[in-house]
Amino acid sequence: MKTLKIPALKTLIAVALFAVSCSIDKTVPITQNSIIPAPVSIVEQEGSFTLDGNTKIFSGANASEISMVTEYFKSEMYTLTGLQLGSSDEVGANSIVFELNSALGEEAYTLDINKEKVVLSGGSPAGLFFGVQTFKQLVPAFGDQKMSPGNQYVLPAGKIEDRPEYAYRGMMLDVARHFFPVADVKHLIDLLAMYKINFLHLHLSDDQGWRIEIKSWPLLTTIGGSTQVGGGPGGFYTQEDYKEIVKYAQAKFITIVPEIDMPGHTNSALAAYGVLNPGITVPEEGALRYDRSSLGVDGEATPLYTGTEVGFSTLDTNKPVTSQFVDDVVRELAEMTPGPYIHIGGDESHVTSMEDYIPFIEKAQDIVTKYGKKSMGWDEVAHAKLLPSTVAQYWSKAENAVMAIEQGSKVLISPAVKAYLDMKYDSTTQIGYTWAALIELDDAYNWDPTELDPQIKREHILGVEAPLWAETLRSRSDMEFLTFPRLPAIAEIAWTPKELRSWESFSLRINRHGKMWEAMGLNFYKSPKVNWE
Ligand code: TNX
């Protein structure tokens, strides 16, 4: 055995002492926290609050209305700290008070931490839920599970006042190109909740797969859902599965936005029901795209498609049976979707003529209205006459977004060059695409929805959404890798007012989240733009 030299021993002692002093007091002032998205206002106060086994939850008059949040809080605290917090029917020393305050905006909250107690006030249960996310990130165990062996967690005193800049803070997951089982979607929902994301848009159909059971058109899933990009079994959600996702998301204050992409991106439906097909063959990979001279046979089912071309399929927009199809699909979707939106797609319908495209979109929009929902569509839908309640999702062309605004619609901001999570981080990234841009973490962070086009102003913008297309994703781990750490960057753009955001601060704060993700076993991209400890 080697003997330690004196200098080495000294270093060892120094390191040990440092480690001890860290575990005694690692409380950083609340103003130097790592909260993402950054809150609107933080004021430091004297002292600290100690969370321990005796801390009690008090929820007074609103107890039953907010029990969903207090129960969630308890279970999150247990996972994070091992503490099993009880409830109390009076406020004592060492209490965490949950209360509703109607003077606050619906999604707003305040968090007041002082020596005796913590008071979390929310404008609604959703506001309280977002406050819980902030609280969690202030607990020293966040990102540092082994830090407090005595099960005492010292939180810095201070007052946070917070509310979102945008009402819609979203992510989209493409489950059509590669199917993701219910468990993966739930896992994603857990992660989104941490960053105060409140909408999850599911891209449920595309050329390669139809992923949602429609009882009146059963072959959509049995045939249309039977494969995916690269072949393989594909898959689909039964209506029960879908309702389970919706319910799971609701418990985390996330609204599901289901998308059926139409009239293009529909090969999986055409493969199931030839009657919907005006007659267009699937092109060879790399063949000349959008060539109507290669039309297949009217009314005949197309072969299933497992490639990655886009823009070659369309529903036959002129047949009454197609209207019936859209009506049935939207009706069944609306029945199991409590949220306000049904997304009708409308992108890249390159083989649908404009004469066919425009009335089709208008019709689909009317059907969505008939079933009590509002439409969303990719920015191309602005060529049609939009209802003011329809939301246009800006992904490609600012001029389309402006056309929608001129019709009185709101826009959802998802520019491919900034917000697409399926773009590679740099040229060495193993999965993802490059067609829009390479998007490093700082690129994903350093932009603002109001600075994309002079005609797209704050009042026109409903919110921000980060889409994750899945042509190149084969697993949950791939999904995680492209989503983290860029999703938190987009979440901060959507939540935190522009003047309070800075890359310098974000790049420091994200480090602690990286530690948390490591502890959770998440596969995230260690961007060289961040000094990960
Ligand atoms: C464009 S974005 C598409 C998708 C692809 C994506 C790949 C949009 C509305 N359409 O069909 O999956 O690019 O990045």
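For the reader, a short list of remarks on this structure follows.
- Whenever a residue of the stretch 334-362 is open to solvent by less than 20 Å² (accessible area, probe 1.4 Å) and away from the ligand (no atom under 14 Å from the Cβ), its partners that are part of a helix (DSSP H, G or I) and hydroxyl-bearing (Ser, Thr, Tyr), lying with C-beta atoms within less than 7 angstrom and at least six residues away or across chains, give the pairs MET336/TYR242.
- Identity of the residue in the stretch 152-172, closer than 20 Å to ILE254 by Cα and open to solvent by less than 10 Å² (accessible area, probe 1.4 Å), that ends up nearest to the ligand (Cβ to nearest atom): MET172
- Residues in the stretch 409-437 that are under 16 Å from ALA470 (Cα atoms), open to solvent by 60 Å² or more (accessible area, probe 1.4 Å) and away from the ligand (no atom under 14 Å from the Cβ): 1 in all.
- Within the stretch 464-488, residues that are farther than 18 Å from ALA444 by Cβ reach no partner that is more than 14 Å from the ligand (Cβ to nearest atom) and modelled with pLDDT under 95 with beta carbons closer than 7 Å at six or more positions or on different chains.
- Test: residue in the stretch 168-190 that is part of a loop (DSSP other than H, G, I, E, B) and among the hydroxyl-bearing types (Ser, Thr, Tyr): no
- Residue in the stretch 203-214 that is open to solvent by 20 Å² or more (accessible area, probe 1.4 Å), away from the ligand (no atom under 16 Å from the Cβ) and not in a helix (DSSP H, G or I) present: yes
- Yes/no for GLU99 being touching a Leu at 6+ places or on another chain (Cβ under 9 Å), in a strand (DSSP E or B) and over 22 Å from PRO37 (Cα atoms): yes
- Per the listing VAL381, VAL391, VAL368, the residue uniquely buried (at least 21 other Cβ atoms within 10 Å of the Cβ) and more than 16 Å from the ligand (Cβ to nearest atom) is VAL368.
Matching residues to (1) outside any strand (DSSP E or B); (2) basic (Lys, Arg); (3) in contact (Cβ under 8 Å) with a residue 12 or more places away in the chain:
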{"site": "THR50", "(1), (2), (3)": "no, no, yes"}
{"site": "ASN54", "(1), (2), (3)": "yes, no, yes"}
{"site": "SER64", "(1), (2), (3)": "yes, no, no"}
{"site": "VAL69", "(1), (2), (3)": "yes, no, yes"}
{"site": "PHE73", "(1), (2), (3)": "yes, no, yes"}
{"site": "GLU76", "(1), (2), (3)": "yes, no, yes"}
{"site": "LEU80", "(1), (2), (3)": "yes, no, yes"}
{"site": "GLU90", "(1), (2), (3)": "yes, no, yes"}
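- Where a residue in the stretch 120-144 is assigned by TED's automatic domain parsing to the domain that holds ILE36 and within 16 Å of ASN511 (Cα to Cα) and its partner, wherever it lies, is of a type in the set (S, T, N, Q) and at pLDDT 95 or above, with Cβ under 9 Å and at least six apart: GLN137/SER34; LEU138/SER34; PHE142/SER34; GLY143/SER34; GLY143/GLN137; GLY143/ASN511
- Test: residue in the stretch 427-440 that is more than 19 Å from the chain's Cα centre (by Cα) and closer than 30 Å to ILE367 by Cβ: no
- Identity of the residue in the stretch 394-408, open to solvent by 40 Å² or more (accessible area, probe 1.4 Å) and under 22 Å from HIS201 (Cα atoms), that ends up farthest from the ligand (Cβ to nearest atom): LYS397
- Where helices (runs of 4 or more DSSP H) fall entirely within the stretch 463-520, those with at least 3 residues that are of a type in the set (A, V, I, L, M) and away from the ligand (no atom under 16 Å from the Cβ) are at 486-495, 503-520.
- Odd one out for THR79, checked against (1) at pLDDT 95 or above; (2) open to solvent by 70 Å² or more (accessible area, probe 1.4 Å): (1)
- Filtering the stretch 191-202 to residues that are touching a residue at least 60 places away in the same chain (Cβ under 8 Å) and more than 16 Å from the ligand (Cβ to nearest atom) leaves LEU191, LEU192, ALA193, MET194, TYR195, LYS196, ILE197, ASN198, PHE199.
- Residue that is of a type in the set (Val, Ile, Thr) and either open to solvent by 10 Å² or more (accessible area, probe 1.4 Å) or closer than 24 Å to ASP448 by Cα (or both), where the choices are VAL139, VAL182, VAL175, VAL132: VAL182
The values are calculated or read from the model by the stated rules, or taken from the named source; none is laboratory data. Just so it is clear, the model here is predicted, and its values are computed rather than measured. Here Cβ is always computed from backbone atoms with ideal geometry, including for glycine, and neighbour counts include all displayed protein chains. These accessible areas exclude ligands, DNA and RNA; they are computed on the full protein's heavy atoms, side chains included. Shrake-Rupley method; radii C 1.70, N 1.55, O 1.52, S 1.80 Å.
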